[in-house]
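Structure in C-alpha cells, see below.
Every read-out reported here was derived from the displayed coordinates using simple, explicitly stated rules and does not represent laboratory data. Note that the coordinates shown come from a computational prediction; the quantities given were computed from them, not determined experimentally. Note: ideal-geometry Cβ built from the backbone for every residue, glycine included; neighbour counts use all protein chains shown.
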Amino acid sequence: MPVRVQTEDFDISAEILALRAGRSDVGAVASFIGVMRDFNEGSGVTELTLEHYPGMTEKSLQQIVDEAHGRWRLQDALVVHRVGCMRPADQIVLVVALSAHREEALAACAFIMDFLKTRAPFWKKERTPEGERWVESRASDDAAAGRWLPGDPR
C-alpha cells in the first residue's frame, strides 16, 4: 500500500494502472483527486505552499492507510500528496482504494481522505492579494473525520 510525498505532479491514469497491474481480484477502484482552487475563506488565492515533516508525514499517511486496510477488505490503496508551491488548478493529492466491491472502496477512500485532512502533518500557506496567511484547521474537517470514530451518531 504505497504512500508518497513529492514535489512533482502525478499522472492519475498511470498511478491507477500501476496499482491495478496484474490484478484480477479488483472489482472496484475508488479515487479522490484534490485540486488547488483559486479562492478560500472569501478571497482569491494565487499560490499555495504546502510544508511537511519528512519521515513523520509519510509515517502518518501509512498509519491512516493501514487503518483503512484493517476496516475494509482492500486489495490495495495509494496516497500521493504533493508539497511545495502550487497554483490554482494544480493537483495536490491522490487517494485510490482497490477492493472487490464498490462499498468498501468508496468508504476506504473517504476515510483515508478525511483522516489525511485531520491527522497528517501538513501546513498550508496561501498567497492572496492581501498577503500571505497560514490556513487553520477547519471544524468541518474534524466533523468529517468524526463520523468514523466509535460513538459518532452519523
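The conditions are (1) more than 10 Å from the chain's Cα centre (by Cα); (2) within 16 Å of PHE10 (Cβ to Cβ), and VAL65 fails exactly one of them. Which is it?
(2)
Looking only at the range 98-154, how many residues end up being of a type in the set (Lys, Arg) and within 21 Å of MET86 (Cα to Cα)?
Number satisfying all stated conditions: 6.
Now for a different question. Working only within the range 5-47, note down all residues that are polar (S, T, N, Q), in contact (Cβ under 8 Å) with a residue 12 or more places away in the chain and exposed (fewer than 13 other Cβ atoms within 10 Å of the Cβ).
Within the range 5-47, GLN6, THR7, SER43, THR46 meet the criteria.
How many residues does the range 97-120 hold that are within 12 Å of the chain's Cα centre (by Cα) and either buried (at least 18 other Cβ atoms within 10 Å of the Cβ) or of a type outside the set (S, T, N, Q) (or both)?
Counting residues in the range 97-120 that are within 12 Å of the chain's Cα centre (by Cα) and either buried (at least 18 other Cβ atoms within 10 Å of the Cβ) or of a type outside the set (S, T, N, Q) (or both) gives 13.
Next up: Taking the range 49-65, which residues are under 25 Å from ALA97 (Cβ atoms) and touching a strand residue (DSSP E or B) at 6+ places or on another chain (Cβ under 7 Å)?
LEU50, HIS52, THR57, GLU58, LEU61, GLN62, VAL65
When you scan the range 70-129, how many residues do you find that are among the small types (Gly, Ala, Ser), out of contact with any His (no Cβ under 8 Å at 6 or more places or on another chain) and part of a strand (DSSP E or B)?
Qualifying residue count, the range 70-129: 3.
In the range 121-154, how many residues are more than 21 Å from GLN62 (Cα to Cα), among the aliphatic types (A, V, I, L, M) and surrounded by 12 or more Cβ atoms within 10 Å (Cβ to Cβ)?
Total meeting the criteria: 2.
Tally time: how many residues in the range 1-59 are hydroxyl-bearing (Ser, Thr, Tyr) and assigned to a loop (DSSP other than H, G, I, E, B)?
Qualifying residue count for the region: 4.
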